[in-house]
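Participant: Questions regarding the structure given below will be posed in turn.
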2 protein chains.
Amino acid sequence: MSDLASFFGIDNPEGLGPAVVVCEHASNHFPPPWDKPGLSDAQLVSHIAWDPGALEVARGLARALHAPLVHAKASRLIFDLNRPPHSPAAMTERSEAHAIPFNLQLSRSERRSRTQAHYIPFHAALADLLARRLARGLTTALITVHSFTPVYFGKPREVEFGLIHDSDARLAKAIAQRDIGLLTRLNEPYSAADGVTHTLARHATPFGLPHAMLEIRNDLIADEKAQTAMVARLAPVIRSAIDEVA
Amino acid sequence: MSDLASFFGIDNPEGLGPAVVVCEHASNHFPPPWDKPGLSDAQLVSHIAWDPGALEVARGLARALHAPLVHAKASRLIFDLNRPPHSPAAMTERSEAHAIPFNLQLSRSERRSRTQAHYIPFHAALADLLARRLARGLTTALITVHSFTPVYFGKPREVEFGLIHDSDARLAKAIAQRDIGLLTRLNEPYSAADGVTHTLARHATPFGLPHAMLEIRNDLIADEKAQTAMVARLAPVIRSAIDEVA
């Protein structure tokens, strides 16, 4: 825990494009002292540990938009950076049907330790980056990139691309209204009512920034070729939607 | 600018009471290199430079609630910490009828410098304090303390005590409904629509924390005796309102 920065990374921090991209669930890494999660190999590569494919798409979008990217370097099961520290979902005891052994009955001291090592520095870095951009007068939309599992609690999900917003729907709607070539839905498979917009509520809404949380069905970004194609599909759409609302 | 902490202070950081108190406009100090604001002595002690009396009331409330207090140590005219960095009001060119000479036509570099020295560390410290409390499971209401001038643009203000909220009105209403002995109004003399709830929007709403911005007419807290009396009046009311909603 001596090098806090090792639990998140910032690509292209000086990017002057009209967005900041965030990927809270980018990693299925379990760094020490959290390296014994007690999960199977299958669980460790599944959506319960991270959002498969999301980092590669986030990287591609950030490059295409000339935007900074802030991304996690540790599993969401250690701390879900898109949840506040007092939420049961921040260090969840269950994910879908899976019990998470190393999160059961956590002590207050362990909750504080993870909050200080993961949550606080990640959000402080994002807040700092955004404040510096705003002070410079740079147009800034906040885009968070997630993926979701095609089958949840045994039920297939039809939606391919979800756009979720906090209190300002403009950018999410502007993206959804474009010709994307995916089965696209607003506020599916989740919405702000499910508590999934913490990053947007902290970093976009108080600043009046246009924002959207992208949710991509993870079977559509399962390998490098598919990820590259998804970036090529989404980047121009997002770019033009930002130009429309920002 | 080498000692960033000198532009804000935290009293009682380990206070375990059910609130965190914030006073963004606590100071009319102009530290170097911002020590030549080009204002008269009368302007420097007036509401345009700070919220007179607010720090003393905030200190008294924090003591009564056993709560931490985060307060500014530099004038709001250098940076209004209750505004985002891209807001014209953050480094305002005018306050009420007064031109603020040292804020006219600021360079981007000066805007960045003030943002980095004042805004970013103040809000990072508040975010850090709140996250640690939430990780510990401490009940936390966010209370910001302000004062307003009895005469604004030549017009007397009748209201004595205003309660302003961001998206969650519970605590503000619970306070307003109690027997305070002041002419009390909800969302007067300002409201969220005037852009005055930035601190609440950043630090309370994304965490679901009960919150209220207190606005006290500054002629009612003009000296130590009046400030002490105001604290004695407000502290039990706020305490019981927090107990009701938190």
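Participant: Roughly how big is chain A's charge dipole about its Cα centre, with Cβ charges of +1 (Lys, Arg) and -1 (Asp, Glu), in debye to the nearest 20?
Facilitator: Dipole size: approximately 440 debye.
Participant: Here's something else I'd like to know. Put the label 7 Å from Cα along Cα→Cβ for B:TYR190; what are its distances to the other copies, in nanometres, shortest first?
Facilitator: Distances between equivalent label points, in nm: 3.4.
Participant: Using each residue's phi in the stretch B:141-147, evaluate 6.51 cos²θ - 1.76 cosθ + 1.60 at θ = phi - 60° and report the 3J(HN,Hα) Karplus result to the nearest Hz, with x for Gly and Pro.
Facilitator: 9, 9, 10, 9, 10, 9, 10
Participant: So, R0 is 51 Å and r is the distance between the beta-carbons of B:GLU93 and A:ALA229; what FRET efficiency does that work out to, to 0.05?
Facilitator: Calculated value: 0.55.
Participant: Here's another thing I want to ask about it. What shape does the stretch B:40-103 take by its C-alpha gyration tensor, where a ≥ b ≥ c are the square roots of the eigenvalues and a/c under 1.5 counts as rounded, a/b above b/c as prolate, and the rest as oblate?
Facilitator: oblate
Participant: Could you compute how much accessible surface B:ARG112 exposes when probed at 1.4 Å, giving the result in Å² to the nearest 10?
Facilitator: 80 Å²
Participant: How large is the dipole of the protein assembly as shown about the Cα centre if only Lys and Arg carry +1 and Asp and Glu carry -1, each at its Cβ, rounded to the nearest 20 debye?
Facilitator: Dipole of the protein assembly as shown, to the nearest 20 debye: 140 debye.
Participant: Then there is this: Looking at A:THR199, A:SER46, A:ALA176, which one has the Cα that reaches farthest to the positive end of the dipole of chain A (charges on Cβ: Lys, Arg +1; Asp, Glu -1)?
Facilitator: After comparing all options, I get A:THR199.
Participant: Something else: Accessible area drop of at least 40 Å² (1.4 Å probe, protein heavy atoms): which residues of the stretch A:123-161 qualify, relative to the chain alone?
Facilitator: Listed by number, the residues meeting the 40 Å² cut-off are A:ALA131, A:ARG132, A:LEU134, A:ALA135, A:ARG136.
Participant: Towards the positive end of the charge dipole of the stretch B:66-108, with charges on Cβ (+1 Lys, Arg; -1 Asp, Glu), say which of B:MET91, B:LEU69, B:GLN105 has the farthest Cα.
Facilitator: It is B:LEU69, whose Cα lies furthest towards the positive end.
Participant: Find the Cα radius of gyration of the stretch B:95-246, compare it with 2.2 N^0.38 Å by division, and give the number to two decimals.
Facilitator: After normalising by residue count via 2.2 N^0.38 Å, the value is 1.16.
Participant: Roughly how crowded by other chains is peptide B:82-93, in terms of the mean Cβ count from those chains within 10 Å of each of its Cβ atoms?
Facilitator: The mean count of partner-chain Cβ atoms within 10 Å per residue comes to 3.
Participant: Say we join alpha carbon atoms closer than 10 Å with springs in a Gaussian network model of chain A; which of A:HIS146, A:HIS86, A:HIS71 then has the biggest fluctuation?
Facilitator: So, out of A:HIS146, A:HIS86, A:HIS71, the one fluctuating most is A:HIS86.
Participant: Return the value, in Å² to the nearest 100, of accessible area buried between chains A and B (probe 1.4 Å, both sides summed).
Facilitator: 2300 Å²
Participant: Averaged across B:104-111, how many Cβ atoms of other chains sit within 10 Å of each residue's Cβ atom?
Facilitator: The shielding value for this peptide is 1.
Participant: Same structure again: Plugging the Kirkwood radius over Cα pairs into Stokes-Einstein for the stretch B:1-90, at a temperature of 10 °C and a viscosity of 1.306 mPa s, what D comes out in µm²/s?
Facilitator: Estimated via Stokes-Einstein, D reaches 115 µm²/s.
Participant: When each copy gets a label point 7 Å from Cα toward the beta-carbon at A:LEU106, what are the spacings between them in nm, shortest first?
Facilitator: Going from nearest to farthest copy, the values are 3.8 nm.
Participant: Shifting gears a bit: Tell me the accessible surface of B:ARG94 in square angstrom (1.4 angstrom probe, heavy atoms of protein chains only), to the nearest ten.
Facilitator: We get 140 Å² for B:ARG94.
Participant: Residues in the stretch B:160-196, backbone N under 16 Å from the label point at B:ASP219 (7 Å along the Cα-to-beta-carbon vector): list them, ranges by number please.
Facilitator: Inside the label zone: B:160-162, B:182-184, B:189.
Participant: Compute the accessible area per residue over the stretch A:9-245, keeping the other protein chains in place, probe 1.4 Å, unit Å².
Facilitator: Accessible surface, normalised per residue, equals 38 Å².
Participant: Oh, and also: Only bridges whose two residues both fall in chain A count here: according to DSSP, what percent of them are antiparallel, nearest 5?
Facilitator: Around 40 percent antiparallel, to the nearest 5.
Participant: Shifting gears a bit: Which residue, A:LEU77, A:LEU16, A:LEU183, tops the fluctuation ranking in a GNM of chain A built on C-alpha contacts under 10 Å?
Facilitator: Between A:LEU77, A:LEU16, A:LEU183, it is A:LEU183 that shows the largest mean-square fluctuation.
Participant: Taking the Cα atoms only, what angle lies between the long axis of helix A:120-135 and the longest principal axis of chain A, rounded to 10 degrees?
Facilitator: Computed tilt is about 20 degrees.
Participant: Calculate how steeply helix A:54-65 sits against the longest principal axis of the alpha-carbon atoms of chain A, using the helix alpha-carbon long axis, and give the answer as 0 to 90 degrees to the nearest 10.
Facilitator: 30 degrees
Participant: In µm²/s, what is D for the protein assembly as shown at 37 °C and 0.692 mPa s, where D = kT/(6 pi eta Rh) by Stokes-Einstein and Rh is the Kirkwood radius from Cα pairs?
Facilitator: 139 µm²/s
The values are calculated or read from the model by the stated rules, or taken from the named source; none is laboratory data. Every value quoted in this text rests on a predicted model; they were computed, and no experiment measured them. Methodologically, a virtual Cβ is constructed for each residue, glycine included, from the backbone with ideal geometry; neighbour enumeration extends over all protein chains shown. Surface accessibility is based on the protein's heavy atoms, side chains included, excluding ligands, DNA and RNA. Shrake-Rupley method; radii C 1.70, N 1.55, O 1.52, S 1.80 Å.
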